Amino acid sequence: MFPITLDKKGISSIELARHLGISYNAAWRSKQKFMQVMMERGQGYKPSGFIALDEPISVVSVLDASRGAEPRIKPPLWLMLKQPRSDAPSRIKLTIIKDFKSSEISNWSKKYLCSGSTVISDGPPCFNAITEADCVHDKIVCGGGLASAEEPEFYFVSTVLGNSKSVLRSTYHSIKSKYAQHYLAEFQYRFTRRFDLSALIPRLIYLSLRTPPLPER
């Protein structure tokens with residue numbers, strides 16, 4: 001639990017096996033179980049207040065690309081940050097969605113957003129469905145690439161996305177789409193608790209004891 005939670009960039013199963021002196025399969029199973037705990041904990045959280053959204057599709061494509069192979073198209077990823085308008089985000093939520101259709105965005109919004117929140121995003125028309133969750137939707141059409149990063153409202157979104165890409169690429173190199181949400185949940189868990197490191201392990205123990213068993217099958 002210590003290297004999984006307190007290593008800033010995470011730790012791969014291979015490195016975890018070396019660190020603990022156990023087999024790769026044992027390390028992989030243990031890591032997946034803890035990431036499942038982190039994922040289930042994060043699923044119940046619904047942010048409120050001022051929320052910034054972005055959709056970095058490229059992250060998921062890179063995750064599932066084996067070395068030397070072309071990345072395949074994968075479901076898009078949404079990054080959601082809860083933050084005051086000028087301060088660093090207090091929490092993030094990383095989720096994978098099926099597509100960018102209004103029906104999908106509407107279902108996602110009702111599941112993950114608290115009514116009355118103010119949500120800011122860029123300009124795709126499907127994002128208008130956010131209002132169906134009784135949220136105020138404010139969109140800024142800024143284009144992609146550096147243009148979006150230069151917008152003050154998207155500064156922290158772009159920063160966190162860059163950090164997540166760096167962590168996932170440098171530590172894991174390749175992740176199967178089946179387990180992508182696990183690895184995103186791990187990054188999310190550490191980020192959200194980054195200002196209270198002493199609570200990382202006690203909280204993970206507490207949550208692990210209250211999470212249903214996850215057999216390998």
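The values are calculated or read from the model by the stated rules, or taken from the named source; none is laboratory data. Computed from a predicted model, the values in this text were never measured in an experiment. In this analysis, Cβ positions are derived from the backbone assuming ideal geometry, glycine residues included, and neighbour counts consider all displayed protein chains. When the accessible area is computed, the model is the full protein with side chains, heavy atoms only, and any ligands, DNA or RNA have been set aside. Shrake-Rupley method; radii C 1.70, N 1.55, O 1.52, S 1.80 Å.
Ala26: net charge of surrounding residues, Cβ under 15 Å, Lys/Arg +1, Asp/Glu -1, itself excluded?
Once all neighbours under 15 Å are counted, the net charge is +2.
With both labels modelled 7 Å from their Cα along Cα-to-Cβ, the His19 to Lys111 distance reads 3.1 nm. Taking Cβ atoms as reference points and 12 Å as the exclusive limit, the residues near Lys111 contribute a net charge of +1, counting Lys and Arg as +1 and Asp and Glu as -1.
Give me the distance in nm between label points sitting 7 Å out from Cα along the Cα-to-Cβ direction at Leu209 and Ser177, one decimal. My value for the distance between the label points is 3.9 nm. Per-residue extension of 0.36 nm, minus the Cα-Cα distance of Lys9 and Lys101, leaves a gain of 29.8 nm for this segment. All Cα-Cα separations within the range 154-217 were binned at 5 Å from zero, giving a P(r) of 3, 13, 19, 22, 19, 16, 6, 1, 0, each value a whole percent of the pairs. Each label was represented as a point 7 Å from its Cα along the Cα-to-Cβ direction; for Lys165 and Thr131 these points are 3.2 nm apart. Rounded to whole numbers, the Karplus 3J(HN,Hα) couplings from phi for the range 198-204 are 5, 8, 4, 6, x, 5, 5 Hz, using 6.51 cos²θ - 1.76 cosθ + 1.60 with θ = phi - 60°, and x at Gly and Pro.
Ligands, DNA and RNA left out, the 1.4 Å accessible surface of the range 166-217 is 58% carbon and sulfur atoms.
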